[in-house]
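Report on the structure given below.
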Amino acid sequence: MMLEVKNLEVYYGAIRALQGISFDVREGEIVTLIGANGAGKSTTMRTISGLLVPRNGEIIFRGQKINRIPAHKIVRMGISHVPEGRLIFPNLTVMENLLMGAYTRNNRAEIEENLEEVLSRFPRLRERAKQMAGTLSGGEQQMLAMGRGLMSKPTLLILDEPSMGLSPLLVEEIFEIIKSINQQGTTVLLVEQNAFMALQIAHRAYVLETGRIVLHGTAKELQANPQIRSAYLGEV
Ligand code: ATP
């Protein structure tokens, strides 16, 4: 098991944003967490990566409990979180942003090799290596955020709403890239409002509603579920 989340409860002051959620991610999978605005998807991701501290529950990553470990150590353990809204550094170049992603590492040769992999995966970033990141298009910024996330050589890549604000064509492209990152051995936890796309590439899915998991199954099962089809896949 790569990641086990058990009875996770997270509060913002008096607001109980996560009401005891449990799910798991196995090695090699793409698991998606789908849900409407405010369901608690980002809260879940931010708690796993150490940015929020849960009130109750456990997060176990490759057999080790990580829910008191600070974010910078969790990155070193192999979890990379590409946040919603991308949060790239707009006044640094594309190359500088990518290298920031490798800040936990110090073997130069390995970093160079990894950089080459990322630039081959995202040729657009190679073309724009010296451009200020803030001047990239939305899709290019998403590629940069994902490229930066890959620069820590994660075992588990957490992607929060990678399709947000992108045109349908770009969404397709980004999802193809996620699929190929997974096929090359990285386990992926994907948070999406775009359930249609997420279920096309995921192995399994969990549905989050107001801080609770209300349904889970294989992506195929959820795609066929009438409740999911009407609530999340836009069918009447
Ligand atoms: P979206 O898709 O809109 O980003 P989400 O599923 O990621 O939604 P969260 O951002 O995890 O949802 O929010 C879950 C709940 O917690 C919401 O009701 C939200 O208003 C609340 N919340 C999130 N961040 C804070 C905060 N910093 N302070 C107080 N409440 C918060």
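Set side by side, the residues Glu110, Glu116 differ, and just one is out of contact with any Phe, Trp or Tyr (no Cβ under 9 Å at 6 or more places or on another chain), within 18 Å of Met77 (Cβ to Cβ) and among the acidic types (Asp, Glu), which is Glu110. Name the pairs whose Cβ atoms lie under 7 Å apart, with the first residue in region 144-159 and more than 17 Å from Glu4 (Cα to Cα), the second of a type in the set (Phe, Trp, Tyr), and 6 or more positions between them or separate chains? Cβ pairs passing all conditions: Gly147/Phe122. For the structure I just gave you, tell me whether Ile48 is within 17 Å of the chain's Cα centre (by Cα) and either among the aromatic types (Phe, Trp, Tyr) or away from the ligand (no atom under 16 Å from the Cβ) (or both). Taking the combined requirement at face value, the residue does not satisfy it. Return a yes/no flag: does region 95-106 have any residue that is touching a residue at least 60 places away in the same chain (Cβ under 8 Å), of a type outside the set (Ser, Thr, Tyr) and more than 13 Å from the ligand (Cβ to nearest atom). There is no residue in region 95-106 that is touching a residue at least 60 places away in the same chain (Cβ under 8 Å), of a type outside the set (Ser, Thr, Tyr) and more than 13 Å from the ligand (Cβ to nearest atom). Of the residues Glu27, Glu4, Glu9, the single one that is assigned to a loop (DSSP other than H, G, I, E, B) and among the charged types (D, E, K, R) is Glu27. When Arg86 is tested against the conditions (1) within 16 Å of the ligand (Cβ to nearest atom); (2) in contact with a Leu (Cβ under 7 Å, 6 or more places away or on another chain), the lone failure is (2). Inspect all residues belonging to region 44-55 and state whether any of them is more than 18 Å from Leu150 (Cα to Cα) and in contact (Cβ under 8 Å) with a residue 60 or more places away in the chain. Checking region 44-55: at least one residue is more than 18 Å from Leu150 (Cα to Cα) and in contact (Cβ under 8 Å) with a residue 60 or more places away in the chain.
When Val207 is tested against the conditions (1) part of a loop (DSSP other than H, G, I, E, B); (2) buried (at least 17 other Cβ atoms within 10 Å of the Cβ); (3) hydrophobic (A, V, I, L, M, F, W, C), the lone failure is (1).
The residue that is nearest to the ligand (Cβ to nearest atom), among those in region 20-41 that are charged (D, E, K, R) and more than 14 Å from the chain's Cα centre (by Cα), is Asp24.
Report the residue count in region 32-43 for those that are outside any loop (DSSP other than H, G, I, E, B) and touching a Ser or Thr at 6+ places or on another chain (Cβ under 8 Å).
At the first step, the residues of region 32-43 found to be outside any loop (DSSP other than H, G, I, E, B) are 32-34, 41-43.
Then drop every residue that is not touching a Ser or Thr at 6+ places or on another chain (Cβ under 8 Å), which leaves 33.
Residues flagged as outside any loop (DSSP other than H, G, I, E, B) and touching a Ser or Thr at 6+ places or on another chain (Cβ under 8 Å) within region 32-43 amount to 1.
Of the residues making up region 59-68, those that are within 19 Å of the chain's Cα centre (by Cα) and either at pLDDT 95 or above or charged (D, E, K, R) (or both) number 5. Residue count for region 33-77 under the criterion of being among the small types (Gly, Ala, Ser), surrounded by 13 or more Cβ atoms within 10 Å (Cβ to Cβ) and farther than 24 Å from Arg212 by Cβ: the result is 1.
This table checks each residue for (1) among the hydrophobic types (A, V, I, L, M, F, W, C); (2) at pLDDT 90 or above.
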| position | (1), (2) |
| --- | --- |
| Thr155 | no, yes |
| Lys179 | no, yes |
| Gly185 | no, yes |
| Leu189 | yes, yes |
| Gly211 | no, yes |
| Thr218 | no, yes |
| Ala224 | yes, yes |
| Ile228 | yes, no |
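Across region 130-143, not a single residue is classified as in contact (Cβ under 8 Å) with a residue 60 or more places away in the chain and either at negative phi or away from the ligand (no atom under 16 Å from the Cβ) (or both). Under the condition of being small (Gly, Ala, Ser) and farther than 19 Å from Pro123 by Cβ, which residue from region 82-103 is modelled with the highest pLDDT? Only one residue tops the list, namely Ala102. Pull up region 175-230, narrow it to residues that are over 21 Å from Ser49 (Cα atoms) and of a type in the set (Lys, Arg), then point me to the one that is farthest from the ligand (Cβ to nearest atom). Filtering first and then ranking leaves Lys220.
Return a yes/no flag: does region 5-13 have any residue that is closer than 25 Å to Gln183 by Cα, modelled with pLDDT of 95 or more and loosely packed, with under 15 Cβ neighbours inside 10 Å. Give the steps one after another, and end with the answer.
Restricting attention to region 5-13, the residues satisfying the condition of being closer than 25 Å to Gln183 by Cα are 5.
Then drop every residue that is not modelled with pLDDT of 95 or more, which leaves 5.
Add one more test, that the residue is loosely packed, with under 15 Cβ neighbours inside 10 Å, and what stays is none.
Checked against the condition, which is being closer than 25 Å to Gln183 by Cα, modelled with pLDDT of 95 or more and loosely packed, with under 15 Cβ neighbours inside 10 Å, region 5-13 yields no hits at all.
The values are calculated or read from the model by the stated rules, or taken from the named source; none is laboratory data. All figures in this text were calculated on a predicted structure; none of them were measured in a lab. Every residue, glycine among them, receives a Cβ derived from its backbone with ideal geometry; neighbour counts consider all protein chains shown.
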